[in-house]
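The structure appears right after this line, and notes come after that.
The values are calculated or read from the model by the stated rules, or taken from the named source; none is laboratory data. These figures come from a predicted structure and were not determined experimentally. Cβ atoms come from the backbone with ideal geometry, glycine included; neighbour counts cover every protein chain shown.
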Amino acid sequence: MPSNQDQNSALKLSSFRTTHWSVVTATIKDEEQSRAAALEILCRTYWYPLYAYVCQRGHTPEDAQDLTQEFFAQLLKKDWLAELEPNPQAGRFRCFLLTALNRFLFNEHNRRTAAKRGGGARFICERGNLEFWHSALKKILIFLLKPPFPARGV
């Protein structure tokens, strides 16, 4: 059984710290060297809380690590922070991160389940099968286009 000290340290690691908006601003506006340092600070600060959040969503620790890493990779690759307007009054940075992470997890889930349903598989129609469907469709259309009552001569 973990001690109270272990539980407290795990709780502190999984909780989100207050964001210093100057660090977020530095990831967007500063020169390359200070931008890289600011990005490293943000990644180190938020990696474990986001990892814990992904675990709480029901993922195994291994999957949660992979998903968290991929999330940060996408965050940096697609430069999502550039779209953020650092404004302490506009909202919390952790809300931005959690919203982005939830969208990422949703898209990742869709991508993985789509592959399980056949994802990129192509339907191949054989000639005989195509002729069968053409004949069946023709019969259905003829039936649907018939008048409800036969015409009577006058």
message = Can you report the number of residues in the stretch 46-75 which are more than 11 Å from Leu101 (Cα to Cα), crowded, with 17+ Cβ neighbours inside 10 Å and of a type outside the set (Gly, Ala, Ser)?
response = 4
task = Would you check which residues across the stretch 24-45 are over 17 Å from Glu83 (Cβ atoms) and touching a residue at least 12 places away in the same chain (Cβ under 8 Å) and list them?
result = Ile41, Cys43, Thr45
key: Those residues of the stretch 98-117 which are at pLDDT below 85, farther than 20 Å from Thr60 by Cα and not hydrophobic (A, V, I, L, M, F, W, C), in sequence order   = Arg117
task = Could you pull out every one of the helices (runs of 4 or more DSSP H) wholly within the stretch 17-97 that has 1 or more residues that are modelled with pLDDT under 85 and within 18 Å of the chain's Cα centre (by Cα)?
result = 61-77
